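Worksheet for the structure shown next.
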Amino acid sequence: MSADISDLDRRREFDALVRKFRPDLFRYAFWLSRSRNLAEDVVQEALLRAWQSYGDLKERDSARQWLVTIVRREHARIYERKQLDTVDIANFEEEIAASESDPDLQRMRRALFQLDDGYREPLALQVLLGHSVREIGGLLGLPEATVLTRLHRARNKLKQALGSGPEGAGGEGGSA
Amino acid sequence: MNGRDRENPPGGSTPQRHASDEQFEELLARALRIDVPEAMPATAPRRSPPIFRWAALAAGLLMAVGLSVRMLQNTGYIGTGDLGHDVVAHIHHEPLAIRTPVVPPEAAVPQAELETVLREAGANLGPMGPMVRYAKLCPFRGKMVAHFVVQGASGPVTVLLLPDEEVERPIPVDEDGFIGTIVSLPIGGSIAVVGEQGEARLDEIQREVAAAVRWRL
């Protein structure tokens, strides 16, 4: 860990990174936790930790992946510490802006809210953060085949929930 | 969205299916992109972590990675002997508190939240003009102190309430692009008021805060 955190240039560089990635980090944290408050705490803590070890980041090009990893780890840490209750669909209206007027969007968000964590996270990583299957596999510790299967099943489950999907979701390939 | 590595669903492909898939993907991408709070969370009001959380964090860091005294001094947990330097080090330790130059009025810390921080820090704050946009109870030189940020003319201005730090005369702060002063209070103790170079309201904020602070007995 770097001991010297008083470099103003580095602070500005870090601030620029935060400005660029924070919105999607918040969204990712939200879809991990399905709680706006928790997502804010997760991102806040993650960015503090990221700043503390920013000097150790050698490849600035990998900053996005590095931040996502820290957010994921921080979510797990906070989740474990708080021993949170299972998120109920009743929380949906509270957590997702009830003012959203697009019914299709609301239905999709509700379906995402209800999707199992094991399907929701790789989907968010792929669609929201643009991660490749290999990157998702590396982050989640899963074989690429498993990631592909989960992505496929996640979409099928969403389509089913929206009333436009196939009846069967198929089995999961590879091992988790 | 990123189209890399898209899995190929079974069942072949027709123009209708393709259009439907595109609509689905567009809807999925939109659904995942929920609204992000404007000023979250560096400048927005948020819960203050309890004292034990910081103490545990400091202790955990010490045990886990063997942080040096130098590191602790850099974070302001313990003093270096140079009060001005310790104040700037503490500001660096919480960069998110001053990330945004100007925040909207709705980012003001709720009064109840501010009072909680002040109460834990043994202080009171009377009415004052500058908007408080961040407030937290922080370890500083071995004590828990109120650390808050008010909105200046062009950027954030950090204020530390230091009931246990006595200074004989104003101590100027000029380090790493931060300027300000640590001044004693007639009621004892001192306050540090530090902004970025060029901040026009520093003196005014210092006077207002100094007049508003009361220590709890």
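For the reader, a short list of remarks on this structure follows.
- The calculated Kirkwood hydrodynamic radius for the stretch B:126-209 is 12.9 Å, given to one decimal from all distinct C-alpha pairs.
- Gap separating the Cα centres of the stretch A:16-82 and the stretch A:123-162, nearest whole Å: 20
- Coupling constants for the stretch B:197-203 follow from the phi torsions by the Karplus curve (6.51 cos²θ - 1.76 cosθ + 1.60, θ = phi - 60°), and in residue order they are 3, x, 5, 7, 9, 4, 4 Hz; glycine and proline get x.
- Vicinal HN-Hα couplings computed from phi for the stretch A:136-142 (Karplus, 6.51 cos²θ - 1.76 cosθ + 1.60; Hz; Gly/Pro x): 5, x, x, 6, 8, x, 10
- Sites matching trypsin sites (Lys or Arg not before Pro) across the stretch B:110-217 that sit in DSSP coil, with at most 12 neighbouring C-beta atoms within 10 Å: B:216
- Label positions at residue B:174 and residue B:153, each projected 7 Å from the Cα along the C-beta direction, are separated by 1.9 nm.
- The charge dipole of the stretch A:7-85, taken about its Cα centre with unit charges on the Cβ of Lys, Arg, Asp and Glu (plus for the first two, minus for the last two), comes to roughly 160 debye.
- Separation of the stretch B:132-156 and the stretch B:164-217, taken as the distance between their Cα centroids, equals 12 angstrom.
- Label-point gap, in nm, between residue A:65 and residue B:22 - each point 7 angstrom along Cα→Cβ: 3.1
- Summed residue charge, Cβ within 12 Å of residue B:145's Cβ, Lys/Arg positive, Asp/Glu negative: -1
- Across all Cα pairs in the stretch A:7-85, the calculated P(r) in 5 Å bins from zero up to the longest distance comes to 3, 16, 29, 24, 14, 9, 4, 1, 0 percent per bin.
- Those chymotrypsin sites (Phe, Trp or Tyr not before Pro) in the stretch B:136-179 that DSSP places in a loop and that have at most 14 other beta carbons within 10 Å: none
- Whether the stretch A:91-165 is rounded, prolate or oblate, judged on the alpha carbon gyration tensor where a/c under 1.5 counts as rounded: prolate
Taken together, the values in this text are just the output of simple stated rules run on the coordinates, not laboratory data. The shown structure was predicted, so the numbers you read here are calculated from the model rather than taken from an experiment. FYI the Cβ positions are ideal-geometry reconstructions off the backbone, even for glycines, and counts take in every protein chain you see.
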